[in-house]
Amino acid sequence: MTESNKSGFTTSILHSDRQKTIEHGSLHKPIHTSVAFGYKDARELAAVFQGREPGYRYGRQGNPTVSALEDKINRMEDGQSTICFATGMAAIGAVVQGLLRAGDHVVSSSFLFGNTNSLWQTVNGQGTAVSWVDATDVKNVEAAITPATRIVFVETIANPRTQVSDLARIGALCRDRGLVYIVDNTMTSPYLFQPKKVGASLVVNALTKSICGHGNALGGSLTDTGNYDWSQYPHIAQNYKKYPASQWGMAQIRAKALRDFGGTLGPEAAHHIAVGAETMALRIDRECANASALAQMLHADPRVTAVHYPGLESHPQHKLSAELFRAPGGLLSFELRDDIDCFDYLNRLRIAIPASNLGDTRTLVIPVAHTIYYEMGQERRASMGIAESLIRVSVGIEDSEDLLQDFRQALDA
Ligand SMILES: *Cc1c(COP(=O)(O)O)cnc(C)c1O
């Protein structure tokens, strides 16, 4: 263990780059834009390409600025190794490209980010079967497992309806059955929760959201927690078995998904994300405090018919959320009384901005059925618990009283 693995969350992020020498003593890891890398001689070039010596080969497969961010994310998740990607979806897509073959089966939570749901639908039509289950109860996951199941996929708190997966029990089930357990930690972030502790094999983070935190860069990551024994996995190619078994999964994903499909994170985006991450704990504490206050205010208002936020006692997984997470997150959703038009309501807000994205410093609101969940149709939305009038709020770091006043005046008007 290095020194900073023992220090607190923010100290560790602030000082992680300095665990290795930084060029010219820079306090920030510099932005390296070079696509190619030079070597001492041709033999060293060959040694790097064959993995016998450390070094960078070509910008699509790795870059020093991106590596520094990978180290930072890896520390946050207490992982064994981390790979960054161009977006959160590229990180999830890398699991499909790197690990799944025709004939395999995936069990996924039904309660998902819309584009992840769309990705599983695509995969389901291409020879890999996907079963969607209510993952708030491990029994539904267990009932869906077949001899062909390779992967179980869940979100910690589901975007946008905030259902909390039965995380620890699903982890124990996956361990018993030798399944790769993938947890999308975007909604909680490693500050509120480390999926490694509930047995996750791989952790997904959309770096675009709370980790970058300012809505100014896209990125994604996949962290291997070290919990999964890759020697049990049936589709590791011989090429990657030259490494110790603990590295097989990520070696194959880096080559077969990052290198071959090219969803590479750029160095400038990596820099923005690394700088944003420095204030993650401060921002998230404030977002959670604001979200709690807003959820309580809306919950007490008769014009609001439902508020979905794990911090409320009325939430079905309130207790579970309190046991698992440092705080219940900065995202909530709510439904208005039938006689209030959700578009008119949103248009009366003066501070909260109608926009997609979450985990931004600014409060963002979106009518989900009409936008990000529009394409899937009403029937699928209903099965995910998404009402047609549902408004999602990604709560920002504004001064609490300004925010409460904004949502209140829009109800009063
Ligand atoms: C946004 C999001 C993603 C995808 O991240 P992008 O960077 O937008 O591709 C994946 N999972 C969840 C839960 C998200 O909120």
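Read-outs: derived from the displayed coordinates by stated rules, not from any lab. This structure is a prediction, so every number in the text was calculated from the model and none was measured. With ideal geometry, Cβ positions are generated from the backbone for all residues, glycine too; neighbour counts draw on all protein chains shown.
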query: Roughly what would the spin-label model give for Q19 and R337, points 7 Å off Cα along C-beta, in nm?
result: 5.5 nm
field: Extension gain (nm, one decimal) between A237 and N216, 0.36 nm per residue minus Cα-Cα
entry: 3.8 nm
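Taking each pair of different alpha-carbon atoms in region 120-210 once, compute 1/r for the pair, average those values, and report the inverse of that mean as the Kirkwood hydrodynamic radius in Å to one decimal.
13.5 Å
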task: Quick one: work out the % antiparallel among DSSP beta bridges in region 3-277, nearest 5.
output: 40 percent
- prompt: If you build a Gaussian network model of the chain, linking Cα atoms that sit under 10 Å apart, which residue out of S16, S81, S383 swings the most?
  reply: S383
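If you take the square roots of the eigenvalues of the alpha-carbon gyration tensor of region 1-129 and sort them as a ≥ b ≥ c, do you get rounded (a/c under 1.5), prolate (a/b over b/c) or oblate?
Working: a/c = 2.52, a/b = 1.46, b/c = 1.73.
It comes out oblate by the Cα gyration axes.
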- request: Among R337, R362, R60, determine the one that fluctuates most according to a GNM of the chain built with springs between C-alpha atoms less than 10 Å apart.
  value: R337
query: Hey, what's the Kirkwood Rh for the chain if you take every pair of different alpha carbons, in angstrom?
result: 22.1 Å
Selected from T363, T156, T11 as most flexible by GNM, with the chain as the system and alpha-carbon contacts under 10 Å: T11
query: If you project the alpha carbons of region 282-412 onto their three principal axes, what span does each projection cover, largest first, in Å?
result: 36, 32, 28
field: Label-reachable residues, region 238-262, where backbone N falls under 18 Å from a point 7 Å from V48's Cα toward its Cβ
entry: 255, 259
- prompt: Quick one: Karplus J couplings for region 370-375, per residue in order, coefficients 6.51, -1.76, 1.60, θ = phi - 60°, nearest Hz, x for Gly and Pro?
  reply: 9, 9, 5, 10, 5, 4
field: Length released on extending from D412 to T11, taking residue separation times 0.36 nm less the Cα-Cα span
entry: 140.0 nm
- prompt: Arranged from highest to lowest average of other beta-carbon atoms within 10 Å per residue, in what order do the peptides 87-93, 283-289 appear?
  reply: 87-93, 283-289
- request: Express in nm, to one decimal, how much length is gained between D137 and A382 on full extension, taking 0.36 nm for each residue of separation and deducting their alpha carbon distance.
  value: 86.3 nm
- prompt: Mind ordering 138-149, 338-349 by average Cβ neighbours within 10 Å, highest first?
  reply: 138-149, 338-349
- prompt: Given a Förster radius of 45 Å and the C-beta distance between Q97 and R303 as r, what FRET efficiency does 1/(1 + (r/R0)^6) yield to the nearest 0.05?
  reply: 0.45
task: Show that you can apply the helix-only estimate: for the chain, add -39,500 (n - 2.57) for every DSSP H stretch of four or more residues, divide by all residues, and state [θ] at 222 nm to the nearest 500.
output: -10000 deg cm²/dmol
